[in-house]
Amino acid sequence: MKPRSRIYVTRQIPQGAFDVLLEDGNVSFWNSHEPVPRGELLNNIQGVDALLCMPTDKIDRDVLDRAGPSLKVIGTLSELCDHIDVDECNRRNIQIITMPSISTEIVADLTVAVLEGQLISNEDANANESVNKNDVIQKMYKGKTLGLVGLGSTAVAIGKRLRGKGISEIKYSDFTVKPEEKEIGAKYEEFEKVLEESDIICICCRGNNTNSGLFYKDVFQKMKKSAILIDAARGHVINYYDLYEALREQHISAAAVDLREQGKIPYKDQLLGLNNCIFVPYQESNRWDKRNKISAIVSNKIVSILQMGCIPENCPVSA
């Protein structure tokens, strides 16, 4: 009889996902919604067969060394694995499971919906009497410039939607001129010029070590006071204290912050206390339902690897 696997989980997870892991193994976990302390992680990971971690957990060579050769699979409740030493995992034949990606189309649709909600809110606040939402939507993009930071698939999808709604101009910044600019009639500009000339700024780059905290105090001060900032990035591209100060002091008009990859957001309570900041893509009421589903999917894949050496869709077909 195959001995039960040892599995370590770095945070509290929904009971459904926990039950999935218990089908194959003995599970220990950090019993908190807060990130596991580094020392606690290193003390508990020795000799485990599987690790389920969060995007706030740094899984580097030291962690892999402490886990030892028994570690076969790492699951993360993140779309990205930039908090994991992927090269070292590949060298050790450790498989990595990420959460299913939220489709570009869903992110683009939600971004536009959030933007229009904010624009309508601004219009209502400035109106002396009620206004027709359809009339507002038809007029609010006229004369507006959209600034995209990063021109990947999400940015292109957002650009196409706003082009269709009558946005006057689209500018973008990236490492270089991108051929995708032709799809949405966008113009490449330096980052500072995009900041200074855009009415709507949408962050579409992926957060990593090179652009962490890209949006900070000096950047917010270069933006228009009427500017709306939409965070469609994945990772910590924003300095949240500086964002809070910029919104509180009205250096910018409003912001929407992405929750997909953030884990615990610094100054979240303070930002929630402002009337010009919201969090996307999940409302608090359904984030737990989403987390249930995502946790169960990742947990099932971890168990499949422990039992079969692969996830079902990637397992070789028997002759």
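In region 295-310, which residue that is of a type in the set (A, V, I, L, M) and open to solvent by 20 Å² or more (accessible area, probe 1.4 Å) is farthest from Arg11 (Cα to Cα)? Working first, answer last.
So in region 295-310, the residues of a type in the set (A, V, I, L, M) come out as 296-298, 302-303, 305-306, 308.
Add one more test, that the residue is open to solvent by 20 Å² or more (accessible area, probe 1.4 Å), and what stays is 296-297, 308.
Working: Ala296: 14, Ile297: 16, Met308: 26 Å.
Residue satisfying both the conditions and the ranking: Met308.
Here is a yes/no grid of residues against (1) closer than 17 Å to Ser253 by Cβ; (2) touching a residue at least 24 places away in the same chain (Cβ under 8 Å); (3) buried (at least 21 other Cβ atoms within 10 Å of the Cβ):
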position	(1), (2), (3)
Gly147	yes, yes, yes
Lys160	no, yes, no
Lys165	no, yes, no
Ala186	no, yes, yes
Lys193	no, no, no
Ile201	yes, yes, yes
Ile228	yes, yes, yes
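In region 32-43, is there at least one residue being aliphatic (A, V, I, L, M), without any contact (Cβ under 8 Å) to a residue 60 or more places away in the chain, touching a Lys or Arg at 6+ places or on another chain (Cβ under 8 Å) and more than 14 Å from Asn300 (Cβ to Cβ)? Steps first, please.
First, pick out the residues of region 32-43 that are aliphatic (A, V, I, L, M): 36, 41-42.
When the remaining residues are screened for being without any contact (Cβ under 8 Å) to a residue 60 or more places away in the chain, the result is 36, 41-42.
Narrowing further to those that are touching a Lys or Arg at 6+ places or on another chain (Cβ under 8 Å): 36, 42.
Checking the rest, the ones that are also more than 14 Å from Asn300 (Cβ to Cβ) come to 36, 42.
Yes.
Enumerate the pairs (first residue in region 106-119 and surrounded by fewer than 17 Cβ atoms within 10 Å (Cβ to Cβ); second residue anywhere and of a type in the set (Asp, Glu) and in a helix (DSSP H, G or I)) with beta-carbon separation below 6 Å, excluding pairs fewer than 6 apart on the same chain, so at least 6 apart or on different chains.
none
Please determine whether any residue of region 47-70 is touching a Ser or Thr at 6+ places or on another chain (Cβ under 6 Å), crowded, with 17+ Cβ neighbours inside 10 Å, modelled with pLDDT of 95 or more and outside any strand (DSSP E or B).
Within region 47-70 (the criterion being touching a Ser or Thr at 6+ places or on another chain (Cβ under 6 Å), crowded, with 17+ Cβ neighbours inside 10 Å, modelled with pLDDT of 95 or more and outside any strand (DSSP E or B)), the answer is yes, since at least one residue qualifies.
For region 73-105, give me the residue count where each residue is part of a loop (DSSP other than H, G, I, E, B), within 19 Å of Gln46 (Cα to Cα) and either open to solvent by 90 Å² or more (accessible area, probe 1.4 Å) or of a type in the set (Gly, Ala, Ser) (or both).
Matching residues across region 73-105 total 1.
Look through region 24-40, keep the residues that are modelled with pLDDT under 90 and over 14 Å from Leu52 (Cβ atoms), and return whichever of them is surrounded by the fewest Cβ atoms within 10 Å (Cβ to Cβ).
His33
Out of all the residues in region 20-32, is one or more closer than 30 Å to Gly147 by Cβ and assigned to a loop (DSSP other than H, G, I, E, B)?
So in region 20-32, the residues closer than 30 Å to Gly147 by Cβ come out as none.
No, the conditions are met nowhere in region 20-32.
The values are calculated or read from the model by the stated rules, or taken from the named source; none is laboratory data. In this text, all values refer to a predicted model and were calculated from it rather than measured experimentally. Note that we place each Cβ from the backbone using ideal geometry, even for glycine, and neighbour counts take in every protein chain shown. Note: areas computed on protein heavy atoms with side chains; ligands, DNA, RNA excluded. Shrake-Rupley method; radii C 1.70, N 1.55, O 1.52, S 1.80 Å.
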